[in-house]
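Rule-based calculations on the coordinates, nothing more; no lab input. Note that the structure is a prediction, hence the values are computed from the model and not measured. Cβ placement follows ideal geometry from the backbone for every residue including glycine, while neighbour counts extend to all protein chains displayed.
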Amino acid sequence: MKRILITKPCGYGELKIVESPSLKIKKDDEVIVETKYFGVNYSECLIRMGIYKSAKDQSTYPITPGFEFSGIVKEKGKAVKNFKVGEKVFGVVKFNAYATEVKVPENQLFKLPKNLTLEESAGVPVNFLTAHYALINLGNLEKGKKILVHSAGGGVGSAILQLAKEKGAFVVGIVGNKKKIEVAKKFGANKVIDYSQENLWKKAEEFSPEGYDLILEPNGIKTIKESFNHLAPRGKLIVYGFQSMVHVKKNGKVGILNWLKVASKYLKTPKFSPLEMANDNKSVMGFNLSYLFDEKEILKNSVEEIIKLFEKNKILPPKVKVYSFKEVGKSHKALESKMTVGKLVIKI
Ligand SMILES: NC(=O)c1ccc[n+]([C@@H]2O[C@H](COP(=O)([O-])OP(=O)(O)OC[C@H]3O[C@@H](n4cnc5c(N)ncnc54)[C@H](OP(=O)(O)O)[C@@H]3O)[C@@H](O)[C@H]2O)c1
């Protein structure tokens, strides 16, 4: 088999494909999948840079990143009941999806939704599970609630728009350039703010003067304080990323972290006062999906609901941009450029 192996924090050009021994079934509930596509996520850029905490907790380098994939069942353990060899599947794994073969326990594997292709399915799990956990498990989203979604033209952002719209929320999407406006509208935003052209917070106040019931925060220092300030009473700020804290070098070894800038942003990141939260009736919550793959019930219930919504055409597959296996570095560079819309996937 072949896989991308990261031996130390590195730039785009050092994401190389290496040969490695084929995977073997060792436990009865395991399934080996011949990968056809895998999804590219901003979190994997952070693994490449060497600052993704859950990667550091689990393993040091060398590491093969990758949280999601689609493909064909190649081999299965004796206890696996729900899948046949040759069947099309998609799934989640805590690392190792950037490879031609992936091994997972049966509960992390799912049948393809009837109306989705292998290409589309590879880009579903991380975005939609992140969106689902944030909106439903943490946000307890109900019809009529007002929500504000940063990076609304991106992978996770466009999934949040769709699930929120499906629940009957009033959704305001925020994007960083003109070409993402139509994408955000297509995926369900009632209103879109393009912060490259208009004053983000003035517009946000115009669309909901009383504040927002839920604000989904992937940016960190750039917007997190103002996001908190724009919550309505009983509002929740759900923090799931810190991308404005990340700075990569643009010259020399491109894609390597500029640690000085990162440290300075880290030190300036706002802290929240429990007194202020209690007095203002506002909450701040956070999560990391990769720690939730072991939560079998949450994973099962969320994926079942997401598949049902796809099959009833209540939500659309992500807009997918396909790169080849040799272009993983290029896909990371694109994702970090802020210019991408929808989801990036790699075709094996
Ligand atoms: N907690 C979790 O479990 C979890 C799971 C999945 C993803 N995430 C997080 O969710 C966020 C979105 O991930 P994604 O894979 O769906 O990416 P994405 O949204 O498709 O792409 C990144 C987008 O973020 C915005 N952005 C703002 N500042 C940026 C910066 N300094 N560098 C790069 N992009 C920046 C840009 O959109 P605009 O120009 O429109 O602002 C850019 O297009 C990331 O922070 C990721 O780490 C967290």
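Summing Lys and Arg as +1 and Asp and Glu as -1 over all other residues whose Cβ lies under 11 Å from the Cβ of residue 67 gives a net charge of -1. The residue among 275, 348, 301 whose Cα reaches farthest toward the positive pole of the charge dipole of the stretch 266-348, with charges on the beta-carbon of Lys, Arg, Asp and Glu, is 348.
What fraction of the DSSP beta bridges in the stretch 127-290 is antiparallel, stated in percent and rounded to the nearest 5? Working shown, then result.
Details: 1 of 21 bridges.
Of those bridges, close to 5 percent are antiparallel.
Remark: relative contact order (the chain) = 19 percent; criterion is Cα-Cα distance under 8 angstrom and separation of 6 or more residues.
Net charge within 9 Å of residue 325 by Cβ-Cβ distance, Lys/Arg positive one each and Asp/Glu negative one each, not counting residue 325 itself?
On the way: positive: 2, 326, 347; negative: 327.
Net of charged neighbours comes to +2.
Among 247, 132, 230, the order by Cβ neighbours within 10 angstrom, fewest to most, reads 247, 230, 132.
So for the stretch 140-219, considering every pair of alpha-carbon atoms, how many percent are separated by more than 17 Å?
Details: 1116 of 3160 pairs.
Pairs farther apart than 17 Å: 35 percent.
Peptide packing: for 205-218, 305-318, the average count of neighbouring Cβ atoms within 10 Å per residue gives the ranking 205-218, 305-318, highest mean first. Entry note: the stretch 148-190 has Rg to Rh equal to 0.91, where both radii use alpha-carbon atoms and Rh is the Kirkwood radius.
So, R0 is 25 Å and r is the distance between the beta-carbons of residue 347 and residue 294; what FRET efficiency does that work out to, to 0.05?
Working: r = 29 Å, r/R0 = 1.16.
Efficiency computed from Cβ-Cβ geometry: 0.30.
Set the Förster distance to 41 Å, then compute FRET efficiency between residue 81 and residue 143 from the Cβ-Cβ distance, nearest 0.05. Working shown, then result.
Values: r = 38 Å, r/R0 = 0.92.
About 0.60, to the nearest 0.05.
When the alpha carbon coordinates of the stretch 127-290 are projected onto the principal axes, the ranges are 50, 41, 34 Å, largest first.
Suppose R0 equals 22 Å; then what is the FRET efficiency for residue 338 and residue 287 from their Cβ-Cβ distance, rounded to the nearest 0.05? Let's see the in-between values first.
Numbers: r = 24 Å, r/R0 = 1.07.
FRET efficiency, residue 338 to residue 287: 0.40.
Pairs over the 22 Å Cα-Cα cut-off, from the set 8/330; 165/236; 53/88: 53/88. With the charge dipole of the stretch 127-290 set up from +1 on Lys and Arg Cβ and -1 on Asp and Glu Cβ about the Cα centre, the Cα lying farthest toward the positive end among the listed residues 284, 244, 148 is that of 244.
Taking every alpha-carbon pair under 8 Å whose residues sit at least 6 apart, the stretch 127-290 reaches a relative contact order of 18 percent. Under 5 Å between amide hydrogens, built in the peptide plane, is the criterion, and for residue 96 it picks out 64, 66 among residues at least 5 positions away or on other chains. Derived scalar couplings between HN and Hα for the stretch 263-272 equal 4, 5, 5, 4, 5, 8, 4, x, 9, 9 Hz in order, rounded to whole Hz, by the Karplus curve 6.51 cos²θ - 1.76 cosθ + 1.60 (θ = phi - 60°), x for Gly and Pro. May I ask you to list the GluC sites (Glu not before Pro) in the stretch 108-174 that are in a DSSP loop and have at most 11 other Cβ atoms within 10 Å of their Cβ? Within the stretch 108-174, the qualifying GluC sites (Glu not before Pro) (loop, at most 11 other Cβ atoms within 10 Å) are 142. Couplings 3J(HN,Hα) for the stretch 197-204, derived from phi with the Karplus relation 6.51 cos²θ - 1.76 cosθ + 1.60 (θ = phi - 60°), are 10, 9, 6, 3, 6, 5, 5, 4 Hz, where x marks Gly and Pro. Give me the base-10 log of I(q)/I(0) for the stretch 176-249 at each q in 0.15, 0.17 Å⁻¹, Debye formula, one uniform scatterer per Cα, rounded to two decimals. Reported log10 I(q)/I(0), two decimals: -0.57, -0.73. Per residue, the convex hull spanned by the Cα atoms of the chain measures out at 132 cubic angstrom.
Placing +1 on the Cβ of every Lys and Arg and -1 on the Cβ of every Asp and Glu, with nothing else charged, gives the stretch 127-290 a dipole about its Cα centre of roughly 620 debye.
So in the chain, what percent of DSSP beta bridges are antiparallel if you round to the nearest 5? Can you show the working numbers first?
On the way: 31 of 56 bridges.
If I count the DSSP bridges inside the chain, around 55 percent turn out antiparallel.
Taken about its Cα centre, the chain carries a charge dipole of about 820 debye when Lys and Arg each add +1 at the Cβ and Asp and Glu each add -1 at the Cβ.
Electrostatic tally near residue 335: other residues with Cβ closer than 11 Å to its Cβ, Lys and Arg +1, Asp and Glu -1, net +4.
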